[in-house]
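Notes for the one structure printed next.
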Amino acid sequence: MLAVHSFLGQVARPHYEAVAEVVAERTGVSLEPLRETPLAQLPAVVAGPPALLFVCGLPYTRMRDAGAPIEPLAAPVPEGEDGSFYHADLLVAPSARETAPEQLRGARVAFNGDDSLSGWVMPRHALRELGIDPDGYVWVPTGSHRNSLRALLRGEVEAAPIDSTVLALELRADPALTALRRIARLGHMPSPPVALVAGDAGLAEALRTALSGLGDSDEGRAALELGAIQRFDAVADADYAPVRAADATR
């Protein structure tokens, strides 16, 4: 029995559950019900028995580089993208006067946490590439992208960088969020991988093949649609080199 953990946005839970169900049917591997596991427990998970993870690329690379037996299998290709990449969408309130990230100097900017690629490392790295000092913002930690969106709607902050794949699903779930304006799309990083912990090469290949072939069945296509995903592409550790480079400059 293979444990299944999600360390990503709770809005995508139905998608992850559907993906896991189809993968289990395709591979004949018994999977436990999906758990939404706090990121603080990731070290314990990767030190434990075999498990399938939906995880951000930042903690993935940090765990891998620390010697954890974690293998990336496949990563989602979001709707509108030509590969397995995503972004940080910098949002402001409907009434905000700001139209560009350089105008936010001194503003309160919500972010989910400093262990996040899309909420912290990617936008800060992208801002530096634009010649903007990210420390000119007043960063306000919220604990999740959903909390950042709510803080922005309530007027508690002036802006927030939000995972573009999470935002697509949050917009489906809450029409009120359509009032928020995107003033920049920051970064271009590899999508969060589905990863295997402590599995052998045969299991990894079977799971990777099943993930990459989700679009071949009605059930698989329905699972993809739940996540606003076109397909999963097979990935390897080397694909996450841009994450490591950004993390080195955070």
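The values are calculated or read from the model by the stated rules, or taken from the named source; none is laboratory data. Keep in mind that this is a model prediction, so the values were computed, not measured. Here the Cβ is made from the backbone with ideal geometry for all residues, glycine too, and neighbour counts use every protein chain on show. Side chains included, ligands, DNA and RNA excluded: accessible areas come from the protein's heavy atoms. Shrake-Rupley method; radii C 1.70, N 1.55, O 1.52, S 1.80 Å.
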Among L53, L58, which is on the phi < 0 side of the Ramachandran plot and in contact with a helix residue (DSSP H, G or I) (Cβ under 6 Å, 6 or more places away or on another chain)?
L58
Just one of the numbered conditions (1) over 15 Å from the mean Cα position of the chain (by Cα); (2) open to solvent by 20 Å² or more (accessible area, probe 1.4 Å) is not true of A168; which one?
(1)
Go through the range 70-112 residue by residue and tally those that are assigned to a loop (DSSP other than H, G, I, E, B), within 15 Å of I162 (Cβ to Cβ) and open to solvent by less than 10 Å² (accessible area, probe 1.4 Å).
0
Which residue out of D163, D115 is under 27 Å from A20 (Cα atoms), open to solvent by 40 Å² or more (accessible area, probe 1.4 Å), acidic (D, E) and in contact (Cβ under 8 Å) with a residue 24 or more places away in the chain?
D115
Members of the range 118-136 that are crowded, with 17+ Cβ neighbours inside 10 Å, within 23 Å of the chain's Cα centre (by Cα) and free of Cβ contacts under 8 Å to residues at least 60 places away in the same chain
G119, L127, P134
Can you name the residue in the range 137-154 that is in a helix (DSSP H, G or I) and over 18 Å from D115 (Cβ atoms) and is also most open to solvent (accessible area, probe 1.4 Å) among such residues?
R154
Look through G57, G48, G67, G9 and report the one residue that is touching a Phe, Trp or Tyr at 6+ places or on another chain (Cβ under 6 Å) and more than 17 Å from L207 (Cα to Cα).
G57
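Per-residue answers, yes or no, for (1) closer than 23 Å to L153 by Cα; (2) not aliphatic (A, V, I, L, M):
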position	(1), (2)
E17	no, yes
L34	no, no
V45	no, no
P72	no, yes
P78	no, yes
Y86	no, yes
L90	yes, no
P101	yes, yes
V109	yes, no
Does the range 38-69 hold any residues that are surrounded by 14 or more Cβ atoms within 10 Å (Cβ to Cβ) and more than 19 Å from the chain's Cα centre (by Cα), and which are they?
P50, A68
Apart from one, (1) in contact with an Asp or Glu (Cβ under 7 Å, 6 or more places away or on another chain); (2) assigned to a loop (DSSP other than H, G, I, E, B) all hold for I162; the odd one out is (2)
Taking the condition more than 27 Å from L53 (Cβ to Cβ), of a type outside the set (S, T, N, Q) and in contact (Cβ under 8 Å) with a residue 24 or more places away in the chain, does R181 pass?
yes
Quick test for you: out of A223, A195, pick the one residue that is open to solvent by less than 10 Å² (accessible area, probe 1.4 Å) and part of a strand (DSSP E or B).
A195
Before we move on, is V29 touching a residue at least 12 places away in the same chain (Cβ under 8 Å), in contact with a helix residue (DSSP H, G or I) (Cβ under 8 Å, 6 or more places away or on another chain) and open to solvent by 30 Å² or more (accessible area, probe 1.4 Å)?
yes
Count, please, the residues in the range 165-188 that happen to be within 24 Å of G57 (Cβ to Cβ) and part of a strand (DSSP E or B).
6
Quick check on my filter: what residues within the range 227-250 are open to solvent by 20 Å² or more (accessible area, probe 1.4 Å), over 17 Å from L207 (Cβ atoms) and among the small types (G, A, S)?
A238, A241, A245, A248
Residue check, L171 against (1) under 30 Å from R128 (Cα atoms); (2) in contact (Cβ under 8 Å) with a residue 60 or more places away in the chain; (3) of a type outside the set (K, R), all met but one. Which one?
(2)
